1. Residue check: is PHE22 assigned to a loop (DSSP other than H, G, I, E, B) and surrounded by 11 or more Cβ atoms within 10 Å (Cβ to Cβ)?
2. Can you tell me which residues in segment 1-18 are assigned to a helix (DSSP H, G or I) and modelled with pLDDT under 80?
3. If I filter segment 31-45 for residues that are free of Cβ contacts under 8 Å to residues at least 60 places away in the same chain, of a type in the set (Val, Ile, Thr) and assigned to a helix (DSSP H, G or I), do I get at least one hit?
Amino acid sequence: MDDRVIIERAKEQVGANVEHPFRVIKRQFWYVNVRFRGLAKNTAQLTTLFALLNLWIARRQLLAA
């Protein structure tokens, strides 16, 4: 394999790891960029969604325990 192919595959893997949580939040939790008045409410909603995402990702380990 060419060095460029190896580098591009590594970049694709990083991109997939970064983009997957946002896909889960949009599709599983139906989040469609609803904006609230005030930064505190937006921050609180996103914090809650990412906390739920952590539970969603770990659901198999949690159910097995």
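The values are calculated or read from the model by the stated rules, or taken from the named source; none is laboratory data. Nothing here was measured: the structure is a model prediction, and the numbers come from that model. Cβ atoms come from the backbone with ideal geometry, glycine included; neighbour counts cover every protein chain shown.
1. no
2. GLY15, ALA16, ASN17, VAL18
3. yes
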